[in-house]
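In what follows, a structure is listed as structure tokens, so that the remarks can point back to it.
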Amino acid sequence: MQISLQDKRVFITAGGAGMGRATALAMHKLGATVFTCDVDEAALASLPEGITTWVCDVSKSAELDAIFDEILPGGLDIMVNNAGVTGPTKLVEDVTDQEWRDCMAVCIDAQFYCTRRVVPVFKKQQQGVIINLVSAAGILGYPTRAPYVAAKWAVTGFTKTLAMELGPDNIRVNGIVPGNVNGERMERVIHAHAEADDLDPQEVRRMYAIGTSMQCYVDPEEIADTICFLCSDYGRHISGQIVGVDGHTETLYPRS
Ligand SMILES: NC(=O)c1ccc[n+]([C@@H]2O[C@H](COP(=O)([O-])OP(=O)(O)OC[C@H]3O[C@@H](n4cnc5c(N)ncnc54)[C@H](O)[C@@H]3O)[C@@H](O)[C@H]2O)c1
């Protein structure tokens, strides 16, 4: 089996770091024409030549116009709605209106803003693939992370509904559940959890591992590989699925 994304045009949100970056690099290597954006200009500048980038906050719909105006006239094959923020780690009664809104804006509003723009093009082409980054928090409960959980369950519902709406037009839509991913973001999550529950970060790191059946953390490249497979011709009849690449998360909140 040899995966190729030759001649595919793909837009990935938040490609400056983490899984978005790993996916941009993997797709670029497989021959795709990759477009990406991020709020972090320096991170974008460190991507290889040949990947087209924009500085953009995807939670602001108007900022996306310039990007799609440039990309869409040439067609688009794959949309990866990757951007997401962790939101606050607090009990629900301590979450402010602004914290709630900011988390929703990046995690779910932005996925809608991009999807709304690409669907007419995909329909005209009678083909297209959408990948939405979910989380184990989009299929499980997760105390102290209410805004993120609410946003990610919205992503699950959005994904399932899009697969139903768009399937007749040969447009596939799948969600990815990354679980515990090695990297800076996971470290931030572990430290925020440790602080909120007055625990040692090492203990929290262990708790997240034992919350998965395989007692593991995964690398961003494993997520990227799965996205490439789903977007390739090998995935041509895979749609409406919420695919875990997480060693099977049983709980995000093992009681210590
Ligand atoms: N890391 C994990 O353990 C984990 C687990 C489950 C789900 N996820 C989800 O996977 C996706 C990617 O997560 P990650 O850990 O790779 O991300 P990350 O925290 O490493 O951030 C990746 C990039 O997003 C950019 N970004 C943040 N807000 C943005 C905005 N408003 N507009 C444009 N760019 C923005 C950042 O500058 C950064 O370069 C997210 O949707 C996240 O919720 C992550």
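Quick notes on this structure:
- For the listed residue pairs Lys29/Lys60; Lys8/Lys60; Lys29/Lys90, the alpha carbons are over 32 angstrom apart in Lys29/Lys90.
- Sequence-distant residues sharing a close amide H with Trp54 (under 5 Å, placed H): Thr36, Cys37, Asp38
- Helix-only CD estimate at 222 nm, as mean residue ellipticity for the chain, using -39500 (n - 2.57) per DSSP H run (n ≥ 4): -13000 deg cm²/dmol
- Per-bin percent of Cα-Cα distances, the chain [10 Å]: 7, 32, 37, 19, 5, 0
- Lys/Arg +1, Asp/Glu -1 at C-beta; segment 69-218 dipole; positive extreme among Asn170, Ala137, Pro147: Asn170
- All other residues whose Cβ lies under 12 angstrom from that of Asp169 are scored, Lys and Arg at +1 and Asp and Glu at -1, for a net of +2.
- For Gln241, residues with placed amide H under 5 Å, excluding near neighbours: Gly175
- The chain: angle of helix 220-231 to the longest principal axis, Cα-based, in degrees nearest 10: 40
- Net charge over other residues, Cβ less than 13 angstrom from the Cβ of Gly18 (K, R count +1; D, E count -1): -4
- Relative to the longest principal axis of the Cα atoms of the chain, the long axis of helix 110-125 makes an angle of roughly 30 degrees.
- Between 0 and 90°, nearest 10: helix 18-29 axis offset from the chain longest Cα axis: 30
- Cross-link partners of Lys160 among lysines (Cα-Cα below 20 Å; sequence separation of 8 or more within a chain): Lys123, Lys152
- For segment 9-244: relative contact order, % (alpha-carbon pairs under 8 angstrom, 6 or more apart): 20
- Overall form of segment 5-136 per C-alpha gyration tensor (a/c, 1.5; a/b vs b/c): prolate
- Packing order of peptides 183-192, 45-54, 169-178, highest average first: 169-178, 183-192, 45-54 (average count of other Cβ atoms within 10 Å over each peptide's residues).
- Residue-count net charge about Asn132 - beta-carbon cut-off 11 Å; Lys, Arg +1, Asp, Glu -1: +2
- Orphan Cys of the chain, criterion: no other Cys C-beta under 4.7 Å: Cys103, Cys107, Cys114, Cys216, Cys228, Cys231
- Binned Cα-Cα distance frequencies in segment 120-244 - 10 Å width, integer %: 13, 37, 30, 15, 5, 0
- Distance from the C-alpha centroid of segment 193-256 to that of segment 75-133: 19 Å, rounded to the whole angstrom.
- Most to least packed among 25-32, 104-111, 132-139 [average Cβ atoms within 10 Å]: 132-139, 104-111, 25-32
A short reminder: the numbers here are calculations on the coordinates, not readings from a lab. Note that the structure is predicted; figures quoted are calculated from it, not measured. Heads up, the Cβs are rebuilt from the backbone with ideal geometry, glycines too, and the neighbour counts pull from every protein chain shown.
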